[in-house]
Amino acid sequence: MFNVLKKSFEVNGLMELSRKILSIKPSATLAVTAKAKALKADGKDVVAFAAGEPDFDTPENIKQAAIKAINDGFTKYTTSSGIIELRQAVCDKLKRENNVQYDPSQVVISNGAKHALANVFMTILNDGDEVIIPAPFWLSYSTMVMVAGGKPVIVYTKAENNFMLTKSDLEGAKTDRTRAVIITTPNNPTGMIASLDDLKVIADFAVKNDILVISDEIYEHLIYNPDKKHICIASLGKDIYDRTIVINGVSKSYSMTGWRIGYAACPPEIAKCISSLQSHTASNPNSIAQMAALEALNGPQDSVEYMRQQFKKRCDYIYEREESIPLISALKPEGAFYLYVNIEKTIGKKYNGEEIKDGASFATILLENKLTAVVPCADFGTPNYIRLSYAISIDDIKKGMDRIEEFIKELK
Ligand code: PMP
Ligand code: GLU
């Protein structure tokens, strides 16, 4: 069988596969996590500041809703865009929390926010269409745009602007192929939150140039800076509402990363196309997980606040520790659960003769010598940074920061 396949795909003696897919690498966040898990399975005492995944169990009421769905036999295909009750619950949530009015026909439920985003890019892009992506960016955006035939246009933001896009950044990146701009607030990896003024700059630009805004709000409930609140850009007025695709999901707020439920809320014509695409590629999101997500959105919300408070304590602690360590620097995260660390001053230094050349070598040498996993940020567009997810226990954060401190002190 393989030989037959090989023959029909063979070009110049090599197996010919999709060039687009051959050009991509596996997700670095997931790769670091897999490496840390493998070391742990080998009995190594690894601290993994790796994938952004809450360490809490999914709240009990949500688990019970899923068990009930199974016992009730809710185990068949559903409508492609997701059950109407869940799409209505998303609309109610968007009204209640974000002050934006949507109809269920504007909402598509997918297998996680990642899948919702991939659907969006497939739906809105024609070959060569450009998407402005502010760097640092969550690494999957650029790959997803490229796979959908688009061109990622990376715009480097500055720490002094809290890593937010400015008007001149946007004007400088615009061409007649610009189709969309992505914003992530609270941000992965920087932890920064867009202010009303930051959002107005983006909304004005999008409306003036008739460009779509993809607003990834997956970390909206995880906010620690009391002076900041989450604002959904679609709430700023009708013109920007008509050009916004809101992306969100239950992975982070409800500690449901494995359940795979996310969604897009957008103009009805876009939702219709996404749903049509999804009907061919995934049929529907998992029926049982949809029932669990329904309970997450409509049920008691106290676990969200409990988890937020725990993350806030961890945020304060990890930032304080980082600040006391020489040669590395970071802005205090305002939300999400990442510390985005500049390691430039360690470049050229050596650990046991091994030279740090960038964030990737910093991460490798640290893991090999101190059993502490961090995510190098080259795939986020910034090779001299690393990212620490503090969605792990405070004891592990303490142990990991002790090790990073020791590592830096031992650099020559
Ligand atoms: N957007 C951002 C910014 C993320 O960090 C992640 C990572 N989980 C996602 C989207 C995807 O989330 P999900 O688990 O719902 O696919
Ligand atoms: N979004 C999380 C992260 O950035 C989970 C892993 C992934 O999907 O990239 O670590």
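Scanning segment 383-396 for residues that are surrounded by fewer than 23 Cβ atoms within 10 Å (Cβ to Cβ) and under 18 Å from Ala330 (Cα atoms) yields Pro383, Asn384. Residues considered: Lys252, Lys238, Lys272. Of these, the only one that is away from ligand 1 (no atom under 16 Å from the Cβ), of a type in the set (D, E, K, R) and in contact (Cβ under 8 Å) with a residue 24 or more places away in the chain is Lys272. Touching a residue at least 12 places away in the same chain (Cβ under 8 Å), open to solvent by less than 20 Å² (accessible area, probe 1.4 Å), aliphatic (A, V, I, L, M) and closer than 28 Å to Ser255 by Cβ, is that true of Leu366? Yes: the conditions hold for Leu366.
Considering every residue within segment 272-281, establish whether at least one is open to solvent by 30 Å² or more (accessible area, probe 1.4 Å) and either under 26 Å from His230 (Cα atoms) or of a type in the set (Phe, Trp, Tyr) (or both). The answer is no; no qualifying residue exists.
Every residue, every condition in (1) more than 16 Å from ligand 1 (Cβ to nearest atom); (2) modelled with pLDDT of 95 or more; (3) closer than 24 Å to Thr281 by Cα, yes or no:
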residue: Asn12; (1), (2), (3): yes, no, no
residue: Arg19; (1), (2), (3): yes, no, yes
residue: Leu30; (1), (2), (3): no, no, yes
residue: Ala38; (1), (2), (3): yes, no, no
residue: Asp45; (1), (2), (3): yes, yes, no
residue: Phe49; (1), (2), (3): no, yes, no
residue: Glu53; (1), (2), (3): no, no, no
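Sub-9 Å Cβ pairs linking a first residue in segment 127-155 that is on the phi < 0 side of the Ramachandran plot to a second residue that is within 16 Å of ligand 2 (Cβ to nearest atom) and of a type in the set (Lys, Arg), at least 6 apart or interchain, are Pro136/Arg387; Ser140/Lys114; Thr143/Lys25; Met144/Lys114, ordered by first then second residue. Residues of segment 252-270 that are within 13 Å of ligand 2 (Cβ to nearest atom) and under 13 Å from Asp216 (Cα atoms): Lys252, Gly262.
Among the residues of segment 223-239, are any modelled with pLDDT of 95 or more, open to solvent by less than 10 Å² (accessible area, probe 1.4 Å), of a type in the set (Val, Ile, Thr) and under 19 Å from the mean Cα position of the chain (by Cα)? There is at least one residue in segment 223-239 that is modelled with pLDDT of 95 or more, open to solvent by less than 10 Å² (accessible area, probe 1.4 Å), of a type in the set (Val, Ile, Thr) and under 19 Å from the mean Cα position of the chain (by Cα). Could you list all residues from segment 184-220 that are closer than 14 Å to Ala113 by Cβ, in contact with a Leu (Cβ under 8 Å, 6 or more places away or on another chain) and aliphatic (A, V, I, L, M)? Of everything in segment 184-220, just one residue is closer than 14 Å to Ala113 by Cβ, in contact with a Leu (Cβ under 8 Å, 6 or more places away or on another chain) and aliphatic (A, V, I, L, M), namely Ile214.
Figure legend. Inter-residue proximity from segment 374-392: first residues touching a residue at least 24 places away in the same chain (Cβ under 8 Å), second residues open to solvent by less than 10 Å² (accessible area, probe 1.4 Å) and of a type in the set (Lys, Arg), beta-carbon distance below 6 Å, spacing 6+ or different chains. Indicated pairs: Val375/Arg387; Cys377/Arg387.
On the basis of being within 21 Å of Asp92 (Cα to Cα) and either among the charged types (D, E, K, R) or open to solvent by 30 Å² or more (accessible area, probe 1.4 Å) (or both), does Asn286 make the cut? No.
The values are calculated or read from the model by the stated rules, or taken from the named source; none is laboratory data. These figures come from a predicted structure and were not determined experimentally. Virtual Cβ from ideal backbone geometry, glycine too; neighbours counted across all protein chains shown. Note: accessible area is taken over every heavy atom of the protein model, side chains too, but ligands, DNA and RNA are not part of it. Shrake-Rupley method; radii C 1.70, N 1.55, O 1.52, S 1.80 Å.
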